[in-house]
Every structure is written in C-alpha cells, then in structure tokens.
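Values quoted throughout were computed directly from the atomic coordinates according to the rules given, and no laboratory measurement underlies them. Small disclaimer: the values here were computed from a predicted structure and weren't measured. As a convention, Cβ positions derive from the backbone with ideal geometry for all residues, glycine included, and neighbour counts pool all protein chains shown.
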Amino acid sequence: MANASRALFLLVLCIGLSGCQDSGPPPALTAPPEFQVETGTDPHSFAEYEKVRITHLRLDLDADLAARTLTGYAVLELERPEPGFQRLVLDTRDLDIRDINAIQPDGQYLPVSWRFGADQGHLGRPLVIALPAGIEQVRIDYATSPDAFGLQWLDAQQTSSGKPFMFSQSQPHYARTWVPLQDTPAVRYTFDATVRVPSDLMAVMGADGNAFERNETGEYQFTMPQPIPSYLMAIAIGDLEFAEAGPRTGVYAEPDWVERAAAEFGVLEQMLEIGENLYGPYRWGRYDLLVMPPSFPFGGMENPRLSYITPTIIAGDGSLLALVAHELAHSWSGNLVTNAAWRDLWLNEGFTVYFEARIMEALYGAEIRNQLAKLSWDALQDTLATIEQGDRQLVRDLSGQDPEQAFTLVPYVMGGFFMDWLEHRVGREAFDQFLRDYFDHFAFQSLDSEEFRAYLEQQLVAEHPEKLDMAEIDEWLYQPGLPDSAVAIEPKSDAFERVDAARLAWQSGEKRPDALPTETWSVHQWRHFLSGLEGAVDAQGMATLDSAFELSQQQNYEILFLWLMRSIETRYEPGIERLEPFLIEVGRNKFTRPLYAALAETDWGRDWAIEIYQRARPGYHPLTRQASEAALGIDANSGVP
Ligand code: BES
Ligand code: ZN
C-alpha cells in the first residue's frame, strides 16, 4: 500500500484510540487498560464478545522445534452484533505480535492500530485492536514465546523416540499463549489450520484431517467444521505413528508406545458405541487418542476428535481405562455442550464423571463402577474436609482467582453424585431421556449453571414434581458440601469391605499377608487397601507387604503412587528408592504434587525433594513446575527454598 493512503487509513482508524501515529507501522502501546470487564461476562477473558465475536479462525503456523516457537498468523472472522462498536479485544499472554491488518471485503489489507493493555499475570494482556466499520476479518501476524505456558517443548533427549515433541494444553485459559483469541468458553468458532513442521515429524490437531502417516513435505492441513470453544484448541508435533482400533477410532503415539497403546485401548470403538447408545450420536467424525510423553501434566484432555492421554494409564491389563471413558464422554458433556465460564465447570466435569461411570458400567459391570464410585466418594470426603467453605460449592464464584482453582473434586465428583442423585430420584429411563434431550437441545452451545437450572426445572422437575423439588436442587448447586439428601446415593462396596476385613486380619496379627485373598483383588481394591494404610502402617509392616506382593516393583502407576506415598510416610527405603526415577519420568500432577508435598512435610525429605525437582524440572510442563514449586514451598524463579 502506498504510504499516503496508508497514513490516511491509519488516521481514520485512530479515532477513539490513544497513541496512534500518522505514519509507519502502528506501535504497540502499553497504556493502562481503560475498559472494565462487564458483569455477566467471563471474568477470565478480556473479550467483549457480546459486541464482536469470532466465528471462524484461519491459522497458519510454522513450528521451530529448536527455537521453541510457533510463528505465523491467525485470521479471525468476525460477527458484529453491535456494528458501531469499533474495537476488538483479544486475550493474549506472552505473544509477540508482529503485524495486524484488517482484511477488507475486497481482500485488501488495511493496517490497523493496536496496543496492549496492562499485564494481568495469568490472564495475560488484552490486545486492543481498532476495528473499522464494515471489517469482518482481521489478520494477526505473531510468534509464540519459548516459555508459552500452554505449550510444552521436549527436546530429542527427553522423548522415547529420540526426536523432539511439542504439545499444547489450552484448558482452562492457556490458548491465549499460542493463539490470539477470545479465550473464553462462551465463544465458539470453527477453524482451519495449516501447520508446517520438520519433515521427520508429524503434526496433529484436535480437528479433522489428522494424517495416518507422516508426509514428506512436513505440511499438514486441518479443519474443524463444528464450532468449539478456545480451550479445546489443540496441537501436537512429534515422531508419531498411528494404529487403528476400530473404523472410527485409533491411537497416535511415539513408535515405542504405539503397539502397547493400541492393545490397551482396543475397546475404544466399543466405548464410542456405548456413548452413542446412551446419549445420542457422536458428532465429531473420528475419535482418536494421542498418547503423550509421561511429562503430560494431566491424566487426559478431551481435545475434540483427539483426546490426549497420559501413558501412565497403560497398565497392560486395561485396568485404568476409566480415564479414556472420561475423555470420550466429554465429546458430549463439555465439547458438545460447554460450560459458559469456569464457575460452571461442574457442567463439564460433573456430567462427564457420571457419563464415564455409565460407560464403565456398560463395559465392565456395576461392580467395577461401584468400586470406582466408592473411591471417589472417599476422596471427596477428604477434599471437603480440607478445603475452605467457599470452595465446597458446585457453582463457585471464581472472579479474581485463577481458573485452575476450579479443578477440585467438587465439580468433578460432587457434580457426578448430583447426577447420580437425579437419576436415583426419577429413575434411569427418565434421566437418560432427559440427558439425551439436553445434549440435543444445547448442542454446540455454551451455557451457565442458571440456564441448566431453568432447563432442569422446565423438563425433569415439571415432569416429576412429586420426586424433585427446586429447593433440594438449589442445595446441591449453591450450598457448600454434600446435602443431606445425598445419603441415598452413598456408594457401598462389599468388595471394599472384604479388603478392610483382610487388612484388619493382617494388622491384628491374625493372618500373614500371603494368606490374604488378594489374587482376586481388582486394581481398585488394591487402591482402597493402600489408602486404608494411611497412618496405619510402619516401615516394618511395609517391608512385610513388599516381600509378599513386590509392591516396590509395581508397574501399575495408581498402585505405585499410593505405595510411594505410604513409603514416604513410613520412611520405607525400598519404596523411597523408586521416588527419584518416578519423579524424573512422570510429570502428571495428580502424582507429582502430592509426592513433593509429602516429602516437603518430612524432617528428612525436603532438601532431597528440592534436589530431585531441580533435576526433573527441565522435563516438566510449566503447570507441573508451578504445582511442584508450590508443593515444595520454593520460589518459582530461583528454585531455592
Ligand atoms: N478436562 C480435564 C483435564 C484438565 C484438568 C484440564 C484440569 C485443565 C485443568 C480432563 O477431562 C480430566 O478431567 N482429566 C482427569 C481425568 C479424569 C478421569 C478425572 C485427569 O487428568 O486426571
Ligand atoms: Zn474431565
């Protein structure tokens, strides 16, 4: 564009924005933000999405694995419910913005003025862009930071393939660290993407178009024809292979893992069919899993069409597949019908815990489901006893807090028990019908707890006024802790009672451990057994159990984790010896955080734990670093006490 006309355009765009210049590229300004987050909108996003809204995203990115950056552009297609409103505010964190242009209806680029608002910690910085009348597309050229919180970069020495690996984790509000977006679950958009990677690596996304094989060009194309919220944006790059599980299902993993993973996840297609039979069609096309490096901070992440799964659930016997059922269930609860903000997280996670249990019941029977429910119930009681009153509610005010804080057992397990309770009141048939209608009614929408409450009142309560009343429902939603009415659904497990009896028989000296009926125990019975030993065993007892059951050699990570916790508490050396390799290999927060916290509490283990952490840190995800540092009580930057 000629300089004169460029200057003219800038002049026009500068109205209403301070700090514009009349020529040259518009500078990034760091004036304090003068806008306020409006009430009723997501407190964790700067976006003014009632006024301007992203409807489609076009992404074009080059990955540089050595520099640890994604570089390219995002074109945002916009809907403007308030056409006179002339600014677009995006969420960003640590993004290097290089150029912003409006794309005119005739395709011409028009440089626009933009600036950053003040840095607000984990929320990042609002990117304020002048939006001329009539403009419906904006192109932002940018690069990510090597420290982008939502990306983890592993170099060749840190993976099983000996090739680098990169993955994103966008939930709850980290998409803004790799794409400039309206980073709120209230906004949904479709997208397409082109990603270029070195030709010995493959790129995959939570989208349609994942290739079954690497291609020589290193360029991969994706589309997401269904509108999704930003927290479901997902990308990964690595030395990946694919193995089929069924016609619509399969597994991506690094070569070393792919066979074992495919064997472990052989039931994937069946799970998908069970899901459809319960709550209606699977609306996303394919459903694949991506097996992550062990440093993946979570068990699983429900990225659409491609859930990310920790390898720590690959136990060899399918005993930890509840997690896969969980991520699959999110294809309905969460991905299809989405919480409007993180205060409503229980709409995603509570529904999913219930749905997961239904899949597990259909696959493995009511007994296994019941054991899992009992483990959850007990864990919830522990959580409720330790967290603050204000955090014990399903619907929780999170303004001013990091949305990470929302992810406790309350929205998950208490939310799941709320669903159990509704089912218990109206009967399974009526409740399933209600849920099927709910998923249909709100498909591809985001809703809040109050919209759900209104729908529940109009549907289920109106149909069953003698079985449900709103006062009881409001107690579940808005009062802290489990309501009294929850007694009706407290899980009771004979299998666990037999485990307790066996433990007592051993502890009272009545039976030796090798005389206990453990051959028939499920992994969950073992988990219950080891949880029951908290505060009730010493190092000598640990040694006796170890010689009978070789627990220090455990390969099942759920069992091993509990064994390591008991080992720390009792200072049982053979268990403690496994800690360092475990903490160096595994970055799954569910395991690492309690292990570090337990070590930090001992009079002998804290300094050692800090040393382990410093060795492990380069292989940890930013989230695991953050959580481990908090558990150890060390300064984030110095890594010293
Ligand atoms: N959506 C979550 C993953 C997540 C958790 C993202 C916290 C951001 C913050 C996923 O669906 C999940 O809940 N995973 C659980 C497993 C599940 C079986 C409870 C996990 O990772 O442990
Ligand atoms: Zn979940």
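Computed values, structure above
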{"read-out": "Relative contact order (%) - criterion: Cα under 8 Å, at least six apart; region: the range 480-578", "value": "23"}
{"read-out": "For residue 337, residues with placed amide H under 5 Å, excluding near neighbours", "value": "444"}
{"read-out": "Selection from 521, 591, 623, by position along the positive dipole direction of the range 506-641 (Cβ)", "value": "623"}
{"read-out": "Sites residue 585 and residue 636, calculated FRET efficiency, Cβ-Cβ separation with R0 25 Å, nearest 0.05", "value": "0.65"}
{"read-out": "Cα-centre dipole for the range 196-284 with unit charges at Cβ (Lys and Arg positive, Asp and Glu negative), debye to 20", "value": "420"}
{"read-out": "Packing-based order for 195-208, 605-618, using average beta carbon neighbours within 10 Å, highest first", "value": "195-208, 605-618"}
{"read-out": "Net dipole in debye of the range 232-280 [+1 Lys, Arg Cβ; -1 Asp, Glu Cβ; about Cα centre; nearest 20]", "value": "180"}
{"read-out": "Leading residue at positive end of dipole, the chain (Cβ point charges), from 483, 166, 533", "value": "166"}
{"read-out": "Gain upon complete extension [residue 457, residue 515; 0.36 nm per residue less C-alpha separation]", "value": "15.4 nm"}
{"read-out": "DSSP beta bridges in the chain [antiparallel fraction, %, rounded to 5]", "value": "75"}
{"read-out": "Helix 3-13 vs. the chain, principal-axis angle (Cα, 0 to 90°, nearest 10)", "value": "60"}
{"read-out": "Net charge contributed by nearby residues that have their C-beta within less than 14 Å of residue 488 (K/R +1, D/E -1)", "value": "-3"}
{"read-out": "Protection-proxy order for peptides 112-120, 433-441, each taking the mean of Cβ atoms within 10 Å per residue, highest first", "value": "112-120, 433-441"}
{"read-out": "Loop-located GluC sites (Glu not before Pro) in the range 212-259, at most 10 other Cβ atoms within 10 Å (DSSP)", "value": "213, 216"}
{"read-out": "Two-site label geometry, residue 608 and residue 120: point separation in nm, points 7 Å out along Cα→Cβ", "value": "4.5"}
{"read-out": "Amide proton proximity set for residue 289, modelled H, under 5 Å, gap of 5+", "value": "250, 251, 252"}
{"read-out": "Computed over the chain: relative contact order in percent, which uses C-alpha pairs under 8 Å that are six or more apart", "value": "10"}
{"read-out": "Cα centroid separation - the range 403-451 against the range 300-343, whole Å", "value": "16"}
{"read-out": "HN-Hα J in Hz across the range 606-612 - Karplus 6.51, -1.76, 1.60, θ = phi - 60°, x for Gly and Pro", "value": "5, 4, 5, 4, 5, 4, 4"}
{"read-out": "Compactness of the range 257-338 as Cα Rg over 2.2 N^0.38 Å, two decimals", "value": "1.04"}
{"read-out": "Segment residue 485-residue 213, length gained on full extension (0.36 nm per residue, minus Cα span)", "value": "92.6 nm"}
{"read-out": "Value of Rg/Rh across the range 361-409 [Cα atoms, Kirkwood radius]", "value": "1.14"}
{"read-out": "Normalised per residue, the volume of the convex hull around the Cα set of the range 399-551 (Å³)", "value": "195"}
{"read-out": "Radius of gyration and Dmax over the Cα atoms of the range 452-525, both given in Å", "value": "21.1, 59"}
{"read-out": "Solvent-free Debye scattering, log10 I(q)/I(0), computed from the Cα coordinates of the range 359-445 at q = 0.18, 0.20 Å⁻¹", "value": "-1.00, -1.11"}
{"read-out": "Taking 572, 142, 478 and counting other C-beta atoms within 10 Å, the order from fewest to most", "value": "478, 142, 572"}
{"read-out": "Rounded if a/c under 1.5, otherwise prolate or oblate - the range 444-490, Cα gyration tensor axes", "value": "oblate"}
{"read-out": "Convex hull volume of the range 134-271 per residue (C-alpha atoms, cubic angstrom)", "value": "138"}
{"read-out": "Integer Hz, Karplus 6.51/-1.76/1.60 couplings in order for the range 80-89, x for Gly and Pro", "value": "10, x, 10, x, x, 7, 10, 8, 10, 10"}
{"read-out": "Size of electric dipole in the chain: Cβ of Lys, Arg +1 and of Asp, Glu -1, about Cα centre, debye, nearest 20", "value": "940"}
{"read-out": "Under Karplus coefficients 6.51, -1.76 and 1.60, residue-wise ³J(HN,Hα) of the range 444-454 in Hz, glycine/proline x", "value": "6, 10, 10, 9, 9, 4, 6, 5, 5, 4, 5"}
{"read-out": "Inter-centroid distance (Cα atoms) of the range 534-577 relative to the range 346-364, Å", "value": "31"}
{"read-out": "Kirkwood-based Rg to Rh ratio, the chain, C-alpha trace", "value": "0.98"}
{"read-out": "R0 of 45 Å, Cβ-Cβ distance residue 108-residue 270: FRET efficiency to nearest 0.05", "value": "0.25"}
{"read-out": "Estimated [θ] at 222 nm from DSSP helical runs (n ≥ 4, -39500 (n - 2.57)) normalised by residues in the chain, nearest 500", "value": "-11000 deg cm²/dmol"}
{"read-out": "Pairwise FRET efficiency - residue 433 versus residue 498, Cβ, R0 = 41 Å, nearest 0.05", "value": "0.65"}
